[in-house]
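Undergrad: Got a structure here, written out as structure tokens. Questions coming.
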Amino acid sequence: MGDVAMSAPVIIDLCNQHRDKHFYLLTTPFFAPFFPEIENLTILDINVKKQCKNLFSLLSLAYSLQKTYSFSKIIDLHDVLRTKVIRWTIGLLSLYKVKISHIDKGRKEKKRLLNPKTQADHSQLMLMTDRYASTLTKAGFPVELSHSFQSKRQVPQNDVVPSEKNGDVWIGISPFAQHQGKIYPISNMLDIAMKLVAQGNVHIFVFGGGDEERRIAETISDGHKKISSVIGVMPLKDELALISNLDIMISMDSSAMHMASLYGVRVVSIWGATHPYAGFLGYGQSIEDVVQKESLKCRPCSIYGDKPCRLGNYACMDINPDEVLKVVMRDA
């Protein structure tokens, strides 16, 4: 989800800056709300579980796509096995008359970033949004990132979302992530939420997905009028509308950061096993709003947070909640 959200502002700039061309975006229907209606963009919905489940289904999908649309160019912004199969198959079917481009994810640079022996040489790698733009430019569609954001959407009508702010500061918290190396302890996030609500003019919304995360979020919001869990109570379109109206989002290195970034919402992000140097900081976000243990010598130990902790204790997430609050309240 984070990858798609990161690509959205770049694809929007692509379409706006090349209105004489028509583009097709291959993604799942679930992610369509990331992209506003654009005249020269057509979203081609796919069912990943059915159409990308094995080699035969991928070959069939590639054949069907090229037969239906006769693409002149294929641009792979993901560069994983299934997208490689699709682009190679279309290239073969067209006898390589279709120009094929793909993203350079900087895998060698990122591998070096993880090497403790080269820690002294660590520096900021190219942001993923810049990598997307560079890929499109090399494919023949120069893109200049506008750093503009999507407009606020109407607050969704929902039992757990007030229709108006009524003077409150709306803060989103998203304490979850796909991997343990990117998850801030829930007890600490609850501490942050309670201290923010205690100020009296703050309403907090808890974001996430899945039954387990919904259960945890409900324990955070239970009994608190100014803390609302919105997990599982609205479609992604409405969730994005709510996010667009937030004043601040507090999140991990996760999709919530990138969804808030679509609307220029300030994100205070907490980083553990991963590091902003890898290029995944939210679009338009400030490094000053990053909370991390800079002095911990073992990090980053993972680009995506999916590696087990070398120390066994995830010391990278041993961050005092007051340190997070200090960043949140910096401009208050």
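Undergrad: Residue by residue, what Karplus-based ³J(HN,Hα) values in Hz, rounded to whole numbers, does segment 81-98 have, using 6.51, -1.76 and 1.60 with θ = phi - 60° and x for Gly and Pro?
TA: Taking θ as phi minus 60°, the curve returns 4, 5, 6, 5, 4, 4, 5, 5, 5, 5, x, 5, 4, 8, 6, 6, 7, 7 Hz for segment 81-98.
Undergrad: Same structure, new question: As an exercise, use a Förster radius of 22 Å and the Cβ-Cβ distance of ASN54 and ASP79 to find the FRET efficiency, rounded to the nearest 0.05.
TA: 0.65
Undergrad: Dipole of the chain, Cα-centred, from +1 at each Lys and Arg C-beta and -1 at each Asp and Glu C-beta, to the nearest 20 debye?
TA: My answer is approximately 1480 debye.
Undergrad: For a quick check of understanding: with a 1.4 angstrom probe and all protein chains in place, what accessible area in square angstrom does LYS182 have, to the nearest ten?
TA: LYS182 has an accessible surface of roughly 30 Å² with all protein chains in place.
Undergrad: When all protein chains stay in place, what accessible area (Å², nearest 10, 1.4 Å probe) is found for VAL169?
TA: Solvent-accessible area, nearest 10 Å²: 50 Å².
Undergrad: Which residues' amide hydrogens lie under 5 Å from the amide hydrogen of LEU25, considering only partners 5 or more residues apart or on another chain, with H built in the peptide plane?
TA: THR42, ILE43, LEU44
Undergrad: Could you tell me how many degrees, from 0 to 90 and to the nearest 10, lie between the Cα long axis of helix 2-17 and the main elongation axis, the longest principal axis, of the Cα atoms of the chain?
TA: In the chain, helix 2-17 runs at an angle near 60 degrees to the longest axis.
Undergrad: To continue, here is another question. Lys pairs in segment 154-275, Cα-Cα under 24 Å, at least 8 apart or on separate chains: how many?
TA: For segment 154-275, qualifying lysine pairs total 8.
Undergrad: Based on Cβ point charges of +1 for Lys and Arg and -1 for Asp and Glu, what charge dipole magnitude is obtained for segment 1-97 about its Cα centre, in debye rounded to the nearest 20?
TA: Computed charge dipole of segment 1-97: roughly 500 debye.
Undergrad: Using a 1.4 Å probe on the protein heavy atoms, what percent of the accessible area of segment 163-204 belongs to carbon and sulfur?
TA: 49
Undergrad: Which residues' amide hydrogens lie under 5 Å from the amide hydrogen of VAL267, considering only partners 5 or more residues apart or on another chain, with H built in the peptide plane?
TA: HN-HN under 5 Å from VAL267: MET249, SER286.
Undergrad: Among the lysines, which fall within straight-line cross-link reach of LYS67, defined as a Cα-Cα distance under 20 Å, with same-chain neighbours fewer than 8 residues apart omitted?
TA: Correct list for LYS67: LYS21, LYS50, LYS84, LYS97, LYS99.
Undergrad: Segment 150-184 to segment 85-125: how many Å between their Cα centroids?
TA: First find each Cα centre; the distance between them is then 34 Å.
Undergrad: Could I ask something else about it? Which far-off residues, 5 or more places away or on another chain, put their amide H under 5 Å from the one on PHE205, with H placed in the peptide plane?
TA: ILE171, GLY172, ILE173, SER228
Undergrad: Sticking with this structure for a sec: In segment 119-228, which GluC sites (Glu not before Pro) fall in coil by DSSP and have 10 or fewer other Cβ atoms within 10 Å?
TA: Counting only loop positions with at most 10 other Cβ atoms within 10 Å, the GluC sites (Glu not before Pro) in segment 119-228 are GLU144, GLU164.
Undergrad: For the full complex of protein chains and a 1.4 angstrom probe, list SER148, SER244 by accessible area with the highest value first.
TA: Ranked list, largest accessible area first: SER148, SER244.
Undergrad: Same structure, new question: Which angle between 0 and 90 degrees, to the nearest 10, do you get for helix 128-138 versus the longest principal axis of the chain when only C-alpha atoms count?
TA: 20
Undergrad: Can you list, bin by bin at 5 Å, the percent of alpha carbon pairs in segment 153-310, starting at 0?
TA: Going out from 0 Å in 5 Å bins, segment 153-310 shows 2, 9, 19, 22, 21, 15, 8, 4, 1, 0 percent.
Undergrad: Just name one of TYR63, ILE43, VAL80: the one whose Cα is farthest towards the positive end of the charge dipole of segment 37-121 (beta-carbon charges, Lys/Arg +1, Asp/Glu -1).
TA: VAL80
Undergrad: Along the charge dipole of segment 127-200, Cβ charges K/R +1 and D/E -1, which of ASN166, PRO185, PRO156 sits furthest on the positive end?
TA: PRO185
Undergrad: Another question, if that's okay. Please calculate the 1.4 Å probe accessible area of ARG330, with all protein chains present, and give it to the nearest 10 Å².
TA: Taking all protein chains as shown, ARG330 has close to 100 Å².
Undergrad: What shape does segment 108-206 have by the C-alpha gyration tensor, where a ≥ b ≥ c are the square roots of the eigenvalues, rounded means a/c under 1.5, and otherwise prolate means a/b greater than b/c and oblate the rest?
TA: oblate
Undergrad: Then there is this: In whole Hz, what ³J(HN,Hα) sequence does segment 288-303 give by Karplus (6.51, -1.76, 1.60; θ = phi - 60°), x for Gly and Pro?
TA: Per-residue couplings from phi come out as 5, 9, 8, 10, 7, 8, 4, 7, 6, 6, 8, 10, x, 9, 7, 7 Hz.
The values are calculated or read from the model by the stated rules, or taken from the named source; none is laboratory data. Since we're looking at a predicted model, the values are computed, not measured. Positions of Cβ are backbone-derived with ideal geometry, glycine not excepted, and every protein chain shown enters the neighbour counts. Protein only, heavy atoms only, side chains kept; ligands, DNA and RNA dropped before computing areas. Shrake-Rupley method; radii C 1.70, N 1.55, O 1.52, S 1.80 Å.
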